[in-house]
Amino acid sequence: MLEPFQLPFVQRGVVEVLVLAPAAGIIGTWIVLRGLAFYAHAVGTAAFPGLVLADGLGFGATLGAAGTGLLVAAGVGWLARREGSRERYDALTALVLVGALALGVILASDVFGSGANVETLLFGSLLLVDGRDIAFAAVVACLVLGGARLLEQRWLIGGFDPATAPALGVRSAWPDAVLLVLVALTAVAALATLGALLATGLLVVPAATARLWCDRLRPWQLASVALVALEGVGGLWLSVEANAPPGAAIAVLAGGVFALAALGRLLAARRRPRVPAAALGSLALLAALALALGGCGSLSGAGGRGAGKLRVVTTTTQLGDVVRAVGGRRAAVTQLLRPSTDPHEYEPRPHDVLDTAGAAVVVLSGDGLDRWMTDVVKQSGADAKVLDVAARLPDRLPGQSSGAEASRYDPHWWHDPRNMEAATLEVRDALAAADPAGRAAYARNAAAYVARLRALDAGIARCMAQVPAAQRRLVTDHDAFGYFAHRYGITVVGAVIPSQTTSAQPSAGDVARLVGVIRRERVRAVFPESSVNARLARAIAQRTGARSDLALYGDTLGPEGSAGATYLSMERANADAMVRGFTGGRTRCTIPGL
C-alpha cells in the first residue's frame, strides 16, 4: 500500500506538499475569512500568460507564473483602492482575469504556438516537481508565516469592519495588498503539483472544511494546515494508484473530505451544540482513507508482465505495432499511448514511469513528437537502451521553426513506408543487441514485415496513379501528411490547423484564408483526422461545398477492430479515403494481401 512513496518523484511531491502546507493552510483561512476564494482561483489561472512566456522564452515556469501572479495582485489591489470599495474584489478580479487570459491566448496561439508544455503546468504533474519548486514553496511558507504574524490583527479589522478601521489604527491599504500578494505567491507555489486550474484544491477547500468544525482562528488554522498535508499526501498516493494527474486526485480527495466533514457536522449538530475541533483530524483521516481505498491496487509496472521476455517500452501507437511485429513472442511490449490519443497533447502518467523502470529497450518516435518521454526515462532511473527512431531515417522533410514543438524535421515520418522500413530494421537491431539469443527470430520477423511494407508502398502508388495529378489536392485537420503527400505526388493545399502540431490554434484569418484557397483550388474534400475534433473541419467543408465524411488516421492508430487498428491497415485506409475524396467517390483504393 505504501509502495508509491518509495518512488523518487512521489517523494519529491510529498516534500513539496509538506513544505507548502503551512502556507496553504494559513493563507486558506484568510481566503475564506476575506471572501477571496474567486481571487485565489483567478490568480492561479491568470498565471497562463506567464507560463506561456516562460515556455516560449526558455526561462523558469515558476518565475513566469510568479511575475504574472504579482501583476494580478497589484492590478486587483490598485483597482480596489481606486474604486474605494473592498467589497468589489470579485468583479475587479474578473476584469483582471479576463485580460490576463486574453493575453495568454494571444501569446500562445499567435506568438509562441505553445501547447502541451503549458497544458501540463495548467493541470499539474508529479514529474515536474524539482528542488527549485520545493525551495520556492519553502520561501513562500516563511513569507506567509511572517506576514500572518505581523499583520493578523490588521487583516481581521480591515476584513470585518472596514468602516471603523481608521479609528482603530488601520489607515493604510498596504496590509490588504500584502495579503493579496501572499495569496498569489501561495497559488504559484502550488502550480507544479496541482496545476494552475486546480491550485485552490489546497488553498481553499481544506480551510473551508476545517471551518465547519472550528469557531476560533488558531485551531482553525492548525486544522487547515493538517488537512492540507493529509489531503496533499493522500492525493499524491491516489494519483499513482489511479494513474491520474496529481492535481485532479488531490482536488477530488479534498472535495470528498469536505462532503464527509459537512455530513458529520450536520449529524453532530443534531446531537450536541459543538464537537471538539480535535475530532476534525480523525474525521479527515477516515474520509481520506475511505476515498483512497477506491483507488487501491498494486502498482503494475513493466516488471510484472511478460516474465522471461525482453521488456520493451514504446511511445506511439505506430511504433508499438512495429515493435510487436518484430519482437514477436520474445518481447513483452508496453505501449504508452493508447489508440486515438494525440501524442502532441499527451501528459505522462505515474504508471508510465513504472513501466519504463523495468524496460530493457525504450523506443522513441523522435523529432520532438514524444519529447515528454525524456522526463519519463529520467524519472524511472531505467538502465535501458533508448532508440530514437527518427535519428537515422532516410527520407526527411523540414519541420517548423517556432512553437512549443519546433523541430528540425517534420515528426510525422511514418507516413512514408520507406521510413517505416528503416525504422523496422532499427528496431530489429536494438532488440537483437538487448537479446542476442533472439537475433535470428527478430531478423525473420523484420524481414516478413518489410515485405509487407513494400507491398503497401507499391499498392498506394498504384492507387494514386489512377487519380489525375490536378485532382490530388489535400486539406486535412493539421499538417501531418507531408511525407505521404511527398511520396505519392499529392499537393497539400492547406490545413485547418496550419501547423505540424495539434497544440496550435487557427485564427479567424487562418480559417478565412483556407476557405478562399479551397474554393479557388476547387478542392473536393476536407479530411478530418480521427484523433482531432472534427467540428471546425466540417464547418469549413460546409462553407465551401466540399465533403468531410472521410476521416484519416494522422498521429495515431485507431482502436482495435477499426480500419486503422494497425500501421498497415491505417495507411491503406488513408489511401482509400484520399482516392475517394479526390475523385468524388468514383474510384477506390484496394490493396489485397496485407
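Throughout, read-outs are computed from the coordinates displayed, never taken from laboratory work. Just so it is clear, the structure is predicted and the values come from calculations on it, not from any experiment. So basically every Cβ, Gly included, is an ideal-geometry build from the backbone, and we count neighbours across all protein chains shown.
Taken along the Cα-to-beta-carbon direction at a fixed 7 Å, the label points for residue 152 and residue 329 span 7.2 nm. Label sites at residue 385 and residue 549, each approximated as a point 7 angstrom past Cα along Cα to Cβ, lie 4.9 nm apart.
Here residue 448 and residue 132 are evaluated by their C-beta separation; at R0 = 35 Å the FRET efficiency comes out at 0.10. What FRET efficiency comes out for the pair residue 395/residue 338, r = Cβ-Cβ distance, R0 = 45 Å, nearest 0.05? It comes to 0.95.
Each peptide among 448-458, 469-479 gets the average number of other Cβ atoms lying within 10 Å of its residues, and from highest to lowest they stand as 469-479, 448-458. Summing charges over all other residues whose Cβ lies under 12 Å from the Cβ of residue 476, with Lys and Arg as +1 and Asp and Glu as -1, gives -3. By the scheme Lys and Arg +1, Asp and Glu -1, what is the net charge of all other residues having a beta-carbon under 13 Å from that of residue 244? Within the 13 Å Cβ shell, the charges total -2. Couplings for the range 174-182, taken from phi via the Karplus curve 6.51 cos²θ - 1.76 cosθ + 1.60 with θ = phi - 60°, read 5, x, 5, 4, 5, 4, 4, 5, 5 Hz in order; Gly and Pro are left as x.
If you take the Cα centroid of the range 537-558 and the Cα centroid of the range 325-350, the two points sit 26 Å apart.
What's the local net charge at residue 535, with K and R +1, D and E -1, over the other residues with C-beta under 14 Å away? Cβ neighbours under 14 Å give a net charge of -1. May I ask for log10 I(q)/I(0) of the range 461-582 at q = 0.10, 0.13, 0.16 Å⁻¹, from a Debye sum over the Cα atoms as equal point scatterers with solvent left out? Here the Debye-derived log intensity ratios amount to -0.27, -0.46, -0.71.
Label positions at residue 142 and residue 11, each projected 7 Å from the Cα along the C-beta direction, are separated by 2.4 nm. From largest to smallest, the equivalent ellipsoid semi-axes obtained for the range 349-470 from the alpha-carbon gyration tensor read 29, 23, 10 Å. Projecting the Cα atoms of 389, 412, 424 onto the charge dipole of the range 308-458 (Cβ charges, centred on the Cα centre) puts 424 farthest toward the positive pole.
Label reach from residue 458 (point 7 Å along Cα→C-beta): in the range 561-594, amide nitrogens under 16 Å belong to 590-594. A straight line joining the Cα centroids of the range 402-480 and the range 201-222 runs 58 Å.
For residue 363, the residues 5 or more places off, or on other chains, whose built amide H falls under 5 Å of its own are 313, 314, 315, 387.
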